[in-house]
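See below for the structure under consideration.
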Amino acid sequence: MSHLKVILPAAILLGGFLVCSTASFGKVEYMKATKKPCAYCHVDSKAKPKELTEAGKFYAEHKSLDGYQEKK
């Protein structure tokens with residue numbers, strides 16, 4: 001019974017971490033294909049996947065940066 005008092009809260013805590021962790025959709029292949037750093041498309045490294053720069057939004061729509069022009 002005493003093991004249950006330790007194991008049950010630990011399992012709930014672990015389950016909470018697994019459920020609350022965010023998924024990362026950026027991939028190394030994207031960086032290699034575009035030859036741009038991650039920060040070129042993402043607002044910051046800890047941001048949610050939907051927080052993209054204008055270049056990131058263009059890449060999400062077109063799956064390529066071909067034709068994207070940076071605004072000055």
Distant-in-sequence amide H partners of His42 (H built 1.01 Å from N, under 5 Å): Thr53
Under the Karplus curve 6.51 cos²θ - 1.76 cosθ + 1.60, θ = phi - 60°, whole-Hz ³J(HN,Hα) for the stretch 54-62, x wherever Gly or Pro sits: 4, 5, x, 5, 4, 5, 5, 7, 9
Residues of type aspartates and glutamates that Lys71 reaches as a straight line, Cα spacing below 14 Å, ignoring anything fewer than 8 places off in the same chain: Glu54
Label-point separation in nm, His3 to Thr34, each point 7 Å along Cα→Cβ: 5.0 nm
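Read the figures in this text as sums done on the coordinates, not as results from a lab. Keep in mind the model is a prediction, meaning the values are calculated, not measured. Note that we place each Cβ from the backbone using ideal geometry, even for glycine, and neighbour counts take in every protein chain shown.
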